[in-house]
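Shown next, in structure tokens, is the structure this report addresses.
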Amino acid sequence: MADVKVKKESSDPVDIENRIKALCQQFPHGITDQVIQNDMPHLEAQQRAMAINRLLSLGQLDLLRNSSGLLYRMKDAQTASKMKGSDNQEKLVYQVIEDAGNKGIWSRDIRYKSNLPLTEINKILKNLESKKLIKAVKSVAASKKKVYMLYNLQPDRSVTGGAWYSDQDFESEFVEVLNQQCFKFLQSKAEAARDSKQNPMVQRNSSFATSHEVWKYICELGISKVDLSMEDIETILNTLIYDGKVEMTIIAAKEGTVGSVDGQMKLYRGVNPIIQPTGLVKAPCGLCPVFDDCHEGGEISPSNCVYMAEWLDF
């Protein structure tokens, strides 16, 4: 009977490093120390640690931390070149900020995820900013706090406030002008439908406009210094709905039709209210575009809201 040959694991450091890199490529979200142990059960802990430390020092692996402990992840060549010469702590902070994407991350959360002292984190953040690898951005949710993100990223609208903010200030006059112009467009469309002298059903259907038509009208007016999206216009149209000036309906639409989403299209038309709404319905909170960012103690709060003060003074 032929002897059975058992394949022995190589103790060559280069082979161990290559195997760890292969595991990282197999699991792109990262591997734990346990994964390496399971794959190479006969490898001594000292050999495993030496191989990992060498890959980290060469900038070929990223060291991350999650709820289950440390993670090792393959680093792409572009990031490796940017972080050349940085120590492991600086690489860890950079990775935490990179994972936050364009919504950014507060220094407090960086401290929690990296488990580094705050003084060390502040030093690393200044160093990364000086290298133009990251940038600090003021958030409209808390103007006195800064979030950090990669230098080349465009901040998310939840951070900047989108089109409704300029230098952290809410552009109430701009929102009011958009509100008036959107309503004016829908009113003129409704009047044109009534003047057509067609049967009531045709008049009603022709009085509706898509959000794309309203968006195109606003863009052609040239009243905005920033590029407005369809979502921005729909936010304004929603405030008109809450005000009782506009109604919305949803219809089925062919795939690829301009303004349609998932085979549906929103249609809007101006309406004349039958009766005046009650005071409670007119509360500014019901049509405030920054309602989600309003909380006590924040930059936007009920206690310093001028619109709430005016409403309560009626």
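The values are calculated or read from the model by the stated rules, or taken from the named source; none is laboratory data. What you are looking at is a predicted structure, and each value in this text was computed from that prediction instead of being measured. As a convention, Cβ positions derive from the backbone with ideal geometry for all residues, glycine included, and neighbour counts pool all protein chains shown. Ligands, DNA and RNA are excluded from the accessible area calculation, which covers all protein heavy atoms including side chains. Shrake-Rupley method; radii C 1.70, N 1.55, O 1.52, S 1.80 Å.
Over the chain, with the other protein chains present, what is the accessible area per residue in square angstrom, probe 1.4 angstrom? Before the final figure, lay out the partial values.
Working: 19980 Å² over 314 residues.
On a per-residue basis, 64 Å².
Too long at a 32 Å Cα-Cα cut-off: which of Lys145/Lys225; Lys91/Lys225; Lys146/Lys225; Lys197/Lys266?
Lys91/Lys225, as the Cα separations exceed 32 Å there.
In bins 20 Å wide, starting from 0, what share of all Cα pairs of the chain does each bin hold, as a percent?
That works out to 23, 37, 27, 11, 2, 0, in percent per bin.
How large a share of the accessible area of the chain, in percent, is made up of carbon and sulfur atoms when the probe is 1.4 Å and the other protein chains stay in place?
Details: 10340 of 19980 Å².
Heavy-atom surface of the chain belonging to carbon and sulfur, 1.4 Å probe: 52 percent.
Per DSSP H run of at least 4 residues, take -39500 (n - 2.57); add these up for the chain, divide by its residues and hand me the 222 nm value, nearest 500 deg cm²/dmol.
Roughly -13500 deg cm²/dmol at 222 nm, from the helical runs in the chain.
With +1 on the Cβ of every Lys and Arg and -1 on the Cβ of every Asp and Glu, and nothing else charged, how large is the dipole of the chain about its Cα centre, in debye rounded to the nearest 20? Working shown, then result.
On the way: 39 positive and 41 negative charges, 140 e Å.
Dipole size: approximately 680 debye.
How many Å³ per residue does the convex hull of the Cα positions in region 170-270 occupy?
Cα convex hull per residue, to the nearest whole number: 110 Å³.
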